[in-house]
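Scroll down for the structure; my scribbles are underneath it.
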Amino acid sequence: MTLIKSISGIRGTIGGSPGEGLTPSDLVRFTAAYGVWAQQQAAGKGHRGKIKIVVGRDARISGPMVRQIVIGTLTGMGIDVTDTGLATTPTVEMAVTAEKAQGGIILTASHNPKEWNALKLLDSAGEFLNDREGKTVLSIAESNRFVFAEADALGSVVEKDATQYHIDRVLALPLVDVEAIRSRNFRVTVDCVNSVGGIVIPRLLKALGVKEVIELYCTPDGKFPHNPEPLPEHLTEISEATKKHAADAGFAVDPDVDRLAVINEDGSMFGEEYTLVAVAGYVLDHTGGNTVSNLSSSRALKDVTQAKGGEYFASAVGEVNVVAAMKTHHAVIGGEGNGGVIYPELHYGRDALVGIALFLSWLAKSGKTCSQLRALYPAYYMSKNKIELGGGIDVDAMLNRIKQQYGGHPINDIDGVKIDFADEWVHLRKSNTEPVIRIYTESKTKDRADALARKIKKEIAEQSLQ
């Protein structure tokens, strides 16, 4: 069993003993800790009376159980709850501000397999807690000192579907061109991995004017038909379906719909790194401005941004870090190379819905095919690897030795170690969500990116023996 406590939220496998897996008692403890924090934040801003928290979940099997415990704990603390039911992560984020709530909890383990679930914690802006706030919640949880409400002061629950609100806000964006999309009579395939994307993505596509939507795995029952992370090796069926049905494009999302992978008309992968690059190129053509992505994302965004007269900035990995950098540098668009598009015109959160809408607008207005659109952008190839962490490994010491070994090259150590070479790079960092070291490399060819990854993995193995 696994339980990971971090500023990113509380994530773990369902079952087992308290403190070792994500059990009912762990859910109560961390939900109560968040409730205390949210109440303190609201009081500090002069709020009087009960606060409101928005709760939503993806469709994974443990969702109903987790939802009952989380909502019961919040109401037991005297907190009112707006329950959005089955809802995407970006939908819940937007519902927090729409409901004028003091925070939100999203019940999703994102791309992790079905045995996982998690509490993703939001502030009153519908954004993830920052480092200081996350550590405060963890500290409150460790204290295990909570005061629950008496009978007359219990919170209430209101059920409210926020999906149509989210779709309507996307459709209202100036750069989303429904008429252009409708005029192309697009046929599109979708793979929603039997989670909440199956509820929202077909509805969005039809609202955008897509002529035909071919659905794969759109039943929101949490029975993931394949590994739910939208990587090429997991998307063979939608690739084949896109070719078979002569579709103009395919879209695959993860269980909570904050990541987007695009499939070309010939069944090849557009490239998850290039979801953000293409959407950013479209936005920059119309607005100009700066962009941000994390250290593990492709250089292609930097190239495109500079070519269009803007400045590119890199952040530490993690949505909260990307958002902070976007605000600092007034970025018009940003995100992460895992298919996460953040468009501040809508909200500060990764959002596959706005990614699809902007991508289809660009595809429609360009008059090109998906593969022709992809060819417009610089060609880089990334190799994404990870090493399972064994007991006794001093990760920080190991990374420091690697850093010293490559001291003659530009190095960024705000998040792990990123080493920039003339035409390629490697980024090593300890994951916040899994017990692994992630090793991302990028180069001009796939063979060179893979070779660099193998070289670094070998050096890590040698370092771990020291």
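For segment 182-199, the set of residues classified as buried (at least 23 other Cβ atoms within 10 Å of the Cβ) and touching a Leu at 6+ places or on another chain (Cβ under 7 Å) consists of VAL188, THR189, VAL190, ASP191, VAL196, listed by residue number.
Restricting attention to segment 148-181 and to residues that are under 30 Å from GLY76 (Cβ atoms), of a type in the set (Asp, Glu) and more than 23 Å from the chain's Cα centre (by Cα), the residue that is surrounded by the fewest Cβ atoms within 10 Å (Cβ to Cβ) turns out to be ASP152. Of all residues in segment 346-362, those being in contact with a Leu (Cβ under 7 Å, 6 or more places away or on another chain) and either small (Gly, Ala, Ser) or under 14 Å from THR97 (Cβ atoms) (or both) number 5.
Taking the conditions exactly as written (touching a strand residue (DSSP E or B) at 6+ places or on another chain (Cβ under 8 Å), without any contact (Cβ under 8 Å) to a residue 12 or more places away in the chain and more than 23 Å from ASN117 (Cα to Cα)), does LYS206 satisfy them or not?
yes
Applying a threshold of 9 Å to beta carbon distances and a minimum spacing of six or more residues, or different chains, the list of pairs starting in segment 171-191 at a residue that is without any contact (Cβ under 8 Å) to a residue 40 or more places away in the chain and ending at one that is basic (Lys, Arg) reads ARG182/LYS211; ASN185/LYS211.
All told, ASN112 falls short of being in contact with a helix residue (DSSP H, G or I) (Cβ under 9 Å, 6 or more places away or on another chain) and at pLDDT below 95.
Only a single criterion out of (1) of a type outside the set (A, V, I, L, M); (2) surrounded by fewer than 20 Cβ atoms within 10 Å (Cβ to Cβ); (3) part of a loop (DSSP other than H, G, I, E, B); (4) touching a helix residue (DSSP H, G or I) at 6+ places or on another chain (Cβ under 9 Å) is not satisfied by GLN41, namely (3). Looking only at residues in segment 71-104 that are free of Cβ contacts under 8 Å to residues at least 60 places away in the same chain and part of a helix (DSSP H, G or I), the one that is surrounded by the most Cβ atoms within 10 Å (Cβ to Cβ) is VAL96.
Considering ALA375, ALA352, ALA397, the condition of being small (Gly, Ala, Ser) and buried (at least 21 other Cβ atoms within 10 Å of the Cβ) is satisfied by ALA352 alone.
For segment 253-269, state whether one or more residues are modelled with pLDDT under 95 and out of contact with any helix residue (DSSP H, G or I) (no Cβ under 6 Å at 6 or more places or on another chain).
Checked against the condition, which is being modelled with pLDDT under 95 and out of contact with any helix residue (DSSP H, G or I) (no Cβ under 6 Å at 6 or more places or on another chain), segment 253-269 yields no hits at all.
Across segment 219-250, what is the number of residues that are within 25 Å of GLU127 (Cβ to Cβ) and surrounded by 24 or more Cβ atoms within 10 Å (Cβ to Cβ)?
2
For segment 124-147, the tally of residues that are assigned to a loop (DSSP other than H, G, I, E, B) and buried (at least 19 other Cβ atoms within 10 Å of the Cβ) stands at 4.
For GLU215, the test of being closer than 30 Å to CYS370 by Cα, of a type outside the set (A, V, I, L, M, F, W, C), surrounded by 13 or more Cβ atoms within 10 Å (Cβ to Cβ) and not assigned by TED's automatic domain parsing to the domain that holds ALA32 is passed.
Yes or no, residue by residue, for (1) modelled with pLDDT under 90; (2) farther than 30 Å from MET269 by Cβ; (3) within 25 Å of the chain's Cα centre (by Cα):
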| position | (1), (2), (3) |
| --- | --- |
| ARG374 | no, no, yes |
| ILE387 | yes, no, yes |
| TYR406 | no, yes, no |
| GLY416 | no, no, yes |
| ILE419 | no, no, yes |
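Against the test of being at pLDDT 95 or above and either touching a Phe, Trp or Tyr at 6+ places or on another chain (Cβ under 9 Å) or not polar (S, T, N, Q) (or both), the options ARG48, ARG11, ARG57 yield a single qualifying residue, ARG57. Being surrounded by 15 or more Cβ atoms within 10 Å (Cβ to Cβ), modelled with pLDDT of 95 or more and polar (S, T, N, Q) is a property that does not hold for THR433. Checking the stated criteria, TYR282 turns out not to satisfy the condition of being among the hydroxyl-bearing types (Ser, Thr, Tyr), on the phi > 0 side of the Ramachandran plot and buried (at least 17 other Cβ atoms within 10 Å of the Cβ). Note on segment 334-359: residues that are of a type in the set (A, V, I, L, M) and more than 15 Å from the chain's Cα centre (by Cα) amount to 3. Scanning segment 400-427 for residues that are surrounded by fewer than 18 Cβ atoms within 10 Å (Cβ to Cβ) and either under 17 Å from ALA453 (Cβ atoms) or acidic (Asp, Glu) (or both) yields GLN405, TYR406, HIS409, ASP413, ASP420, PHE421, ASP423.
The values are calculated or read from the model by the stated rules, or taken from the named source; none is laboratory data. It should be emphasised that the depicted structure is a prediction, and the values quoted were computed from it without experimental measurement. Positions of Cβ are generated from backbone atoms using ideal geometry, with glycine treated the same way; all protein chains shown enter the neighbour counts.
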